[in-house]
Amino acid sequence: MVSLASTRLRRSGRGERPTFELEQALWCAGNRWVAGVDEVGRGALAGPVVAAACIFEPSTELPDRLRDSKRLTAAQRRALADWVRQCSLRWAIGAASHREVDRLGIVRATALAMLRALQRLGPVDHVLYDGLPLTEFERLPGTAVVHGDMRCASIAAASILAKVIRDDLMARLAVRYPGYGWEENAGYGTPSHRRAIRELGSTPFHRRSFQVRANADEE
């Protein structure tokens, strides 16, 4: 393993497509298992934070449509999630529940979901994760990549996989708790979702700490 503290990377320009540029530098330095990690659900009012981690071979050919998951249609994300499952060397999912979000706070819960994904992934030489450096990652050989899902192919792939899995989970929960629109908003604070909370009340899967903030925003 490479003994590196988590570092924040910056680059002035952002490409239209994520690449293996960062992974390539690590592969050339002797890191065999380079994992990309990202999460979804951080800003939602309901449901868990879900993280994915994946490792690719240096020879992997990236699909043309690979992008930040927010810039893709649902059908494109689903097709790319299938590609990640089929073409990555290894992939894994981790999550932090809505109760853990309330108990730990969203930053620590996000880190917990990503760490759980990495634990299930198996041996890793270096971790590339989206965003700012996390205290919980200080002991890992890892690099925080600002706008990582737009720059780094492994992170973008993890983001897409995590979003598809979380969206499917929220759609299943929507059957149990109709009226909140989770099959469309995935638990995020859309106007219709906020209105449903006011009219129907909250469900066991709503984040209590986020509702307090959401109610304050509306006052």
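The values are calculated or read from the model by the stated rules, or taken from the named source; none is laboratory data. As the structure is a prediction and not an experimental result, all values here were calculated from the model. Backbone-built Cβ (ideal geometry, glycine too); neighbour counts: all protein chains shown. All accessible areas refer to the heavy atoms of the entire protein, side chains included, with ligands and DNA or RNA removed. Shrake-Rupley method; radii C 1.70, N 1.55, O 1.52, S 1.80 Å.
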Query raised in the report: Has segment 187-195 got at least one residue that is open to solvent by 20 Å² or more (accessible area, probe 1.4 Å), assigned to a helix (DSSP H, G or I) and not basic (Lys, Arg)?
Result: yes
Report task. With the condition kept exactly as written, say whether any residue in segment 86-99 is under 30 Å from residue 32 (Cβ atoms) and hydroxyl-bearing (Ser, Thr, Tyr). Result -> yes
Report summary line: Given (1) open to solvent by 10 Å² or more (accessible area, probe 1.4 Å); (2) among the charged types (D, E, K, R); (3) out of contact with any Lys or Arg (no Cβ under 9 Å at 6 or more places or on another chain), residue 166 misses just (1)
Query raised in the report: Looking only at segment 58-78, which residues are part of a helix (DSSP H, G or I), free of Cβ contacts under 8 Å to residues at least 40 places away in the same chain and buried (at least 16 other Cβ atoms within 10 Å of the Cβ)?
Result: 76
Query raised in the report: Which condition number does residue 119 fail, the rest of (1) over 13 Å from the mean Cα position of the chain (by Cα); (2) open to solvent by less than 20 Å² (accessible area, probe 1.4 Å) being met?
Result: (2)
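Looking at the structure I just gave you, is residue 127 touching a residue at least 12 places away in the same chain (Cβ under 8 Å), in contact with a helix residue (DSSP H, G or I) (Cβ under 9 Å, 6 or more places away or on another chain) and surrounded by 21 or more Cβ atoms within 10 Å (Cβ to Cβ)? So that I can check it myself, show each step before the final result.
Values: touching a residue at least 12 places away in the same chain (Cβ under 8 Å): yes; in contact with a helix residue (DSSP H, G or I) (Cβ under 9 Å, 6 or more places away or on another chain): yes; surrounded by 21 or more Cβ atoms within 10 Å (Cβ to Cβ): yes.
Yes: the conditions hold for residue 127.
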Query raised in the report: Can you name the number of the only condition in (1) out of contact with any Lys or Arg (no Cβ under 6 Å at 6 or more places or on another chain); (2) touching a residue at least 12 places away in the same chain (Cβ under 8 Å); (3) not small (Gly, Ala, Ser) that residue 150 fails?
Result: (1)
Report task. Could you tell me which of the residues 196, 153 is farther than 21 Å from residue 100 by Cβ and under 20 Å from the mean Cα position of the chain (by Cα)? Result -> 153
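In this structure, is residue 172 out of contact with any strand residue (DSSP E or B) (no Cβ under 9 Å at 6 or more places or on another chain) and open to solvent by 40 Å² or more (accessible area, probe 1.4 Å)?
yes
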Report summary line: So, first residue farther than 11 Å from residue 129 by Cα in segment 30-44, second residue charged (D, E, K, R) and open to solvent by 10 Å² or more (accessible area, probe 1.4 Å), Cβ within less than 7 Å, six or more apart or across chains; the pairs are 31/125; 32/125; 33/125; 40/163
Report summary line: The correct count of residues that are out of contact with any Phe, Trp or Tyr (no Cβ under 7 Å at 6 or more places or on another chain) and in a helix (DSSP H, G or I) in segment 172-186 is 7
Query raised in the report: Is there any pair with a first residue in segment 89-116 that is at positive phi and a second that is surrounded by 21 or more Cβ atoms within 10 Å (Cβ to Cβ) whose Cβ atoms are under 6 Å apart and which are 6 or more apart or on different chains, and what are they?
Result: none
Query raised in the report: Can you name every residue in segment 25-51 that is open to solvent by less than 20 Å² (accessible area, probe 1.4 Å) and over 20 Å from residue 182 (Cβ atoms)?
Result: 31, 34, 35, 36, 37, 38
